[in-house]
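Colleague: First the structure, then my questions, so here it is.
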Amino acid sequence: MNVFLDYFLTFFHSVFVLFVLIGWIFKSTRKAHIIAIGLILIAWLGIGWYKGVIGYCPLTDWHWDIKRELGERNISSSFIEYMQEKITGIDLNRKLVDIGTVVGLVLSVLCAGYVSLRSRFSKRN
């Protein structure tokens with residue numbers, strides 16, 4: 001069962017990250033995209049502040065518990081860093097990956113805000 005959960009969470013988490021990056025593009029997914037961003041901000045800032053780890057992700061925490069049960073050790077604390085290294089084989093500097101992750105989220109928020117404002121103003125005219 002843990003092997004299934006590991007694969008499922010890898011897939012789900014990857015799709016979720018991709019959705020957060022591009023969900024603002026499609027009119028039909030924009031509301032869900034805003035909810036996803038809200039959940040991330042609650043986790044990263046709210047729960048993260050409470051746990052003392054800004055950028056905390058409960059999904060990563062749960063996934064890493066499963067990976068440890070499966071015997072995986074020395075796991076990065078960042079899902080993005082983990083997947084980047086698995087896909088490319090390159091061990092990038094953790095801070096660089098963290099900066100890229102935050103930049104990706106900020107750009108996604110800005111793009112979502114832009115398309116939202118653009119659609120509101122175009123409806124008025």
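The values are calculated or read from the model by the stated rules, or taken from the named source; none is laboratory data. Here the structure is a predicted model, which means the values were calculated and not measured. Counting neighbours? That spans all protein chains shown, and the Cβs are built from the backbone with ideal geometry, glycine included.
Colleague: With the requirement that a residue be surrounded by 12 or more Cβ atoms within 10 Å (Cβ to Cβ) and either within 17 Å of Leu9 (Cβ to Cβ) or of a type in the set (Gly, Ala, Ser) (or both), what does segment 47-64 give you?
Modeller: Gly48, Gly55, Tyr56, Cys57, Pro58, Leu59, Thr60, Asp61, Trp62, His63, Trp64
Colleague: Hey, another quick one. Please go through segment 89-105 and pick out each residue that is of a type in the set (Gly, Ala, Ser) and at pLDDT 95 or above.
Modeller: Listed by number, the residues that qualify are Gly100, Gly104.
Colleague: Can I ask one more? Any idea how many residues of segment 47-71 are among the small types (Gly, Ala, Ser) and within 15 Å of the chain's Cα centre (by Cα)?
Modeller: So the count comes out to 2.
Colleague: Counting only residues that are free of Cβ contacts under 8 Å to residues at least 12 places away in the same chain and in contact with a helix residue (DSSP H, G or I) (Cβ under 6 Å, 6 or more places away or on another chain), how many does segment 13-43 have?
Modeller: Residues meeting the conditions: 0.
Colleague: I've got another one for you. Being assigned to a helix (DSSP H, G or I) and within 20 Å of Val102 (Cβ to Cβ): is that true of Gly38 here?
Modeller: So Gly38 passes the test.
Colleague: Could you tell me which residue of segment 6-28 is surrounded by the most Cβ atoms within 10 Å (Cβ to Cβ), considering only residues that are of a type in the set (Phe, Trp, Tyr) and in a helix (DSSP H, G or I)?
Modeller: Ranking the qualifying residues of segment 6-28, first place goes to Phe16.
Colleague: Among the residues of segment 1-43, what is the count of those that are within 11 Å of the chain's Cα centre (by Cα), aromatic (Phe, Trp, Tyr) and over 26 Å from Leu70 (Cα atoms)?
Modeller: 1
Colleague: Considering only segment 72-95, I want to know if a residue exists there that is closer than 16 Å to Leu21 by Cα, over 12 Å from the mean Cα position of the chain (by Cα) and surrounded by fewer than 12 Cβ atoms within 10 Å (Cβ to Cβ).
Modeller: Checked segment 72-95: no residue is closer than 16 Å to Leu21 by Cα, over 12 Å from the mean Cα position of the chain (by Cα) and surrounded by fewer than 12 Cβ atoms within 10 Å (Cβ to Cβ).
Colleague: Quick check on my filter: what residues within segment 96-122 are more than 12 Å from the chain's Cα centre (by Cα), of a type outside the set (A, V, I, L, M) and surrounded by 11 or more Cβ atoms within 10 Å (Cβ to Cβ)?
Modeller: Cys111, Gly113, Tyr114, Ser116, Ser119
Colleague: Still on this structure: Out of Asp98, Asp61, I need the residue that is assigned to a helix (DSSP H, G or I) and without any contact (Cβ under 8 Å) to a residue 24 or more places away in the chain. Which one?
Modeller: Unique residue meeting the criteria: Asp61.
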